[in-house]
Structure formats: structure tokens, C-alpha cells
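Undergrad: Before I ask anything, here is the structure I am working with.
Readers should treat all values here as calculations from the given coordinates under stated rules, not as data from a laboratory. These numbers come from a predicted model, not from an experiment. For neighbour counting, all protein chains shown are included, and Cβ atoms are generated from backbone atoms with ideal geometry for every residue, glycine included.
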């Protein structure tokens, strides 16, 4: 893949203003801010994907958090969900450090790329289907240029988005943590509960469960036959 292809995709993402509700919300949050971040300049724009341009694993989330990625400008950066995700990626050999707090903090991913079906922070963390569809070509472009072999879907929204983009025409397989499905093009999809506080604080998702998903991704990349 040419790095310029990914840079062009990211430029198009950041410039996007297709969804009036999301544009208004992300910019309102960036103006009003949370008290703890009152002195910071919020990103307040669509958030591009992040990671290794040669990634064989794509991690697909939901959408930027209002005071996480919408503040920092990097996927899963600056909130508790990101703390869980990047710590696991570090433990399983995909990240050079266990934390992600700012775009210039030195974090690098190896063989992994993080993205989402929706690139603007939605009110209540609930994008509409219209907003999802308006954003679809950004994800499709990343799928087209990255040399990925396995996608890890964080939650059912991401699971459905990957299946939709990969042309799943028959009855869709049901999402589940650890569920693995071969896609029509021979790549693989692995499900994981989302790293939201709703899941991590309640114990529905543990560190061991999350690590197991990324270790499984390593196995799939080593043996594309599954």
C-alpha cells in the first residue's frame, strides 16, 4: 500500500461535514468542553484512523467519544476505553506502549490499524443508521488499501459494519465475544465485547478475554486458513 493513499483517506475524513447533527454536536462539545479539560484545545472534527499502514489486523470500534477522541484527535485516546484497548494491544505485541493520551505521545502500532464506522462523536454514543451510511465510504476506502487479514469488531455495531462492507449477502452470523467468521473474500472477522466502561467496570469484559481476542488475531495472521 502507498502511504499517500492512506493520507488521502484521512484528509477526506477530517474534512467531512456530511452529517449536520454530528457536526453540530462535535463542535458544541469542543467549545463547551469538560471542566477537567477546560485548558485544552479540543480536536472537534472527524477522527481519522490510526496505526500501521501495513497492518494485517484492523480493529473496528463504534465512534469517537465526546471527550476522548473528539478531544485528542486520535482513535480511543484520552479515555477509559482507550486505556483498556491500548494496554491489551501492548500486552499482545501490537503496540509499543500501554497508554494513549495524546497524538504526540510516541505511541506506535505494529501490524494493527484502528478505525470506526462513524468518525464524529455522536450524542449519547448513538449514531443513526443514516449517519452510519453517510460515513461508509471512509471505512470502505481503508478496507481497500490496507493489507489486512483479520478484522476485530468491538461490539455488535462494528460487527455488522464489517459484514456489510464485505458483501455478506446471506443470513448474517450473530455477534458474540470470541466468535470467528470467515468472510466471503477469505479474510476473517473476530468479535469482541466493546471496551466501554459498561463492559469493563461490570466484568463482562476482562483483560484476559480481550487479550485472547488479539492473540487469536495473531494466530489467524500466521495461518490465514483460520
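Undergrad: Once the Cβ-Cβ distance between residue 104 and residue 24 is put in as r, and R0 is 41 Å, what FRET efficiency do you end up with, to the nearest 0.05?
TA: For residue 104 and residue 24, the calculated efficiency is 0.90.
Undergrad: As a test, work out the antiparallel percent of DSSP beta bridges whose residues both lie in the chain, rounded to the nearest 5.
TA: Taking every DSSP beta bridge with both residues in the chain, the antiparallel ones total about 30 percent.
Undergrad: Still on this structure, please answer the following. Between residue 126 and residue 39, what length comes free when the chain is fully extended (0.36 nm per residue of separation minus the Cα-Cα distance, one decimal in nm)?
TA: Gain in length upon complete extension: 28.6 nm.
Undergrad: Residue 164 to residue 218: extension gain in nm, 0.36 nm per residue of separation minus the Cα-Cα distance?
TA: Contour length minus Cα-Cα distance gives 17.1 nm.
Undergrad: Using the eigenvalues of the Cα gyration tensor, what equivalent ellipsoid semi-axes result for region 124-226 when each is taken as the square root of five times the eigenvalue, whole Å, largest first?
TA: The equivalent ellipsoid of region 124-226 has semi-axes of 21, 20, 12 Å.
Undergrad: Now, a different point. Tell me the Kirkwood radius of the chain: reciprocal of the mean inverse pair distance over distinct alpha-carbon atoms, in Å.
TA: That comes to 17.5 Å for the chain.
Undergrad: Still on this structure: Express in nm, to one decimal, how much length is gained between residue 183 and residue 204 on full extension, taking 0.36 nm for each residue of separation and deducting their alpha carbon distance.
TA: Result for the pair: 4.9 nm of gain on full extension.
Undergrad: Follow-up. Give me the Kirkwood hydrodynamic radius of region 7-92, using the inverse of the mean 1/r over all pairs of distinct Cα atoms, in Å to one decimal.
TA: 13.9 Å
Undergrad: Follow-up. Output the relative contact order of region 1-125, whole-number percent, from Cα pairs under 8 angstrom with separation of 6+ residues.
TA: It rounds to 30 percent for region 1-125.
Undergrad: Moving to a separate point now. So for region 3-222, averaging the separation of alpha carbon pairs under 8 Å that are six or more residues apart and normalising by length, what relative contact order in percent results?
TA: Answer for region 3-222 is 21 percent.
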